[in-house]
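Chemist: Quick one: this structure, given as structure tokens, is what I'll be asking you about.
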Amino acid sequence: MHKYGYTRATLKNQGLAPKKRFGQNFLVYKSTAESIVRSARLSKNDTVIEVGVGLGALTVPLARAVHYVYGYEIDSGIIRLHKEKGDLPANVNLIHNDILKADLKELHNEIGDLIILANLPYSISNPFIFKLIDNHTLLSTATVMLQKEVADRLVARPGTKEYGIPTILLGACASVEKLLTLKPSEFHPRPKIDSIVVRIDFNSPAVSFPGNSLENDILPPLFPRVVRIAFSQRRKTVLNTLSGGGFFLKQLKGDGRKNKELTRQAIEEAGLNPSIRPECITIEEFMRVSGIITKLISGGDISA
Ligand SMILES: C[S@@+](CC[C@H](N)C(=O)[O-])C[C@H]1O[C@@H](n2cnc3c(N)ncnc32)[C@H](O)[C@@H]1O
């Protein structure tokens, strides 16, 4: 195995030390970086967005495998290093920006459905996953390395403690496949936990729902809100948490009792037991109950 002997030396020569706040755990093995690029199943025509170029461990094999790379990096020390060394391939556009602030719509207008590859900094893995969910109609695939716990949450089954908001919101717009497990010894500095590479495919959601066409993005409009409210208190029943969301209160001029009755009606119409806990509700069932709440509100037949 060829070690990226230069990881430590390069940082030292440039007066750089790995920064914890930027989640800097650099890959040290060339063969591992190449397997991650292969696992993304990319083609020579693809333009790919890489999040967190770092010392270029993934960027170099990625640039060889695809047409063009937009490489985002937040750390000005790393940007300076690449400018001085001129060590990135010609088909890499190095962009000094925080990926969380990047305008994915603008990128989509420029290059079409987005393909992402990242050894994600642990510091941003959750907000980045939610950015992907919010922009799912602009995306094709995202192959990302995550800390094991985060990856486990994305593929969790109902009834487990890992199952929750990210599992459901992502599962409604994509399918998630675990590809590789990496030990701490693959990185410099070593993280405390294992990492997992997952491939998220936005062209084939884990579930289908009548009328859930990705092209037109017609997931029930209240779906993310219903899921977030249901999980705001995991130990409560779905009737109690969703009633607390007050979906019907506006039309009912604040009548809490009627609001609870209508919430119960929506839950039962979706085929669910009102005393079930949120972690036992499947993605399809959440979609169904959100659709029924939306229908009841917009039907205009609710009055105080
Ligand atoms: C885990 S390291 C991976 C570096 C390199 N791709 C590798 O595999 O060795 C994460 C990289 O993302 C950069 N980074 C951290 N937060 C970022 C953000 N919000 N936007 C863009 N890059 C970020 C870090 O500076 C670091 O270079």
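The values are calculated or read from the model by the stated rules, or taken from the named source; none is laboratory data. Here the structure is a predicted model, which is why all the values come from computation and not from measurement. Counting neighbours? That spans all protein chains shown, and the Cβs are built from the backbone with ideal geometry, glycine included. Accessible surface is based on the protein model in full, side chains and every heavy atom, while ligands, DNA and RNA are left aside. Shrake-Rupley method; radii C 1.70, N 1.55, O 1.52, S 1.80 Å.
Chemist: Specify which residue in the list GLY52, ILE168, GLN24 is farthest towards the positive end of the charge dipole of the chain, using unit charges on the beta carbon of Lys, Arg (+1) and Asp, Glu (-1), about the Cα centre.
Modeler: About the Cα centre, the residue reaching furthest to the positive side is GLN24.
Chemist: Could you please report the charge total around VAL60, scoring K, R as +1 and D, E as -1 over all other residues with beta-carbon less than 10 angstrom from its beta-carbon?
Modeler: 0
Chemist: Taking 7 Å along the Cα-to-C-beta vector as the label spot, tell me the LYS295-ARG41 distance in nanometres, rounded to one decimal.
Modeler: Spacing of the two 7 Å Cα→Cβ label points: 3.5 nm.
Chemist: Of the heavy-atom accessible surface of segment 214-298 (probe 1.4 angstrom), what whole percent is carbon and sulfur?
Modeler: 50 percent
Chemist: As I understand it, the dipole of segment 214-298 uses +1 on the Cβ of Lys and Arg and -1 on the Cβ of Asp and Glu, about the Cα centre. Which of PRO278, GLY246, GLY291 lies farthest toward its positive end?
Modeler: Farthest towards the positive pole: GLY246.
Chemist: Using all alpha carbons of the chain, what is the percent of pairwise distances in each 10 Å bin, ordered from the shortest bin to the longest?
Modeler: 6, 25, 28, 19, 13, 7, 2, 0
Chemist: Let me ask another. Nearest 0.05, what FRET efficiency do ASN126 and ILE302 give at R0 = 41 Å with Cβ-Cβ as r?
Modeler: 0.70
Chemist: Moving on to the next point. In straight Cα distance, which aspartates and glutamates are under 16 Å from LYS101, not counting same-chain residues fewer than 8 positions off?
Modeler: Cross-link targets: GLU50, GLU73, ASP75, ASP134.
Chemist: Using the heavy atoms of the protein chains and a 1.4 angstrom probe, tell me the accessible area per residue for segment 214-298 in square angstrom.
Modeler: It amounts to 51 Å² per residue over segment 214-298.
Chemist: Expressed as a whole number of Å, what is the distance separating the alpha-carbon centroids of segment 124-173 and segment 1-77?
Modeler: Going from one Cα centre to the other spans 22 Å.
Chemist: Would you mind working out the accessible area per residue for segment 7-201, using a 1.4 Å probe, and quoting it in Å²?
Modeler: Per-residue value: 43 Å².
Chemist: Could you pull out which residues in segment 51-67 have an amide N less than 11 Å from a spot 7 Å beyond the Cα of LYS30, following the Cα-Cβ vector?
Modeler: Hits in segment 51-67 for LYS30 at 11 Å: 61.
Chemist: Next question. Which entries of LYS19/LYS192; LYS12/LYS85; LYS30/LYS183; LYS83/LYS192 show an alpha-carbon separation above 21 angstrom in the structure shown?
Modeler: LYS83/LYS192
Chemist: In whole Hz, with x marking every Gly and Pro, tabulate ³J(HN,Hα) for segment 101-111 from phi via Karplus 6.51 cos²θ - 1.76 cosθ + 1.60, θ = phi - 60°.
Modeler: 9, 5, 8, 5, 5, 4, 4, 5, 4, 7, 10
Chemist: Quick one: with all protein chains in place, what share of the accessible area of segment 7-201 is carbon or sulfur, to the nearest percent (1.4 Å probe)?
Modeler: The computed percentage sits at 49.
Chemist: Using R₀ = 45 Å, calculate the FRET efficiency as 1/(1 + (r/R₀)^6) where r is the Cβ-Cβ separation of ARG64 and LYS250; round to 0.05.
Modeler: Step by step, r from the Cβ atoms, then E = 0.20.
Chemist: Between ILE111 and ALA9, how many nm apart are label points set 7 Å from Cα along the C-beta direction?
Modeler: 3.2 nm
Chemist: So, one more: Please give the residues of segment 146-169, grouped as numeric ranges, whose backbone N is less than 17 Å from a label point set 7 Å along the Cα-to-Cβ vector of VAL207.
Modeler: Taking a point 7 Å out along Cα→Cβ of VAL207, the residues of segment 146-169 whose backbone N falls under 17 Å are 153-169.
Chemist: Counting DSSP beta bridges with both partners in the chain, what percentage is antiparallel, nearest 5?
Modeler: Taking every DSSP beta bridge with both residues in the chain, the antiparallel ones total about 45 percent.
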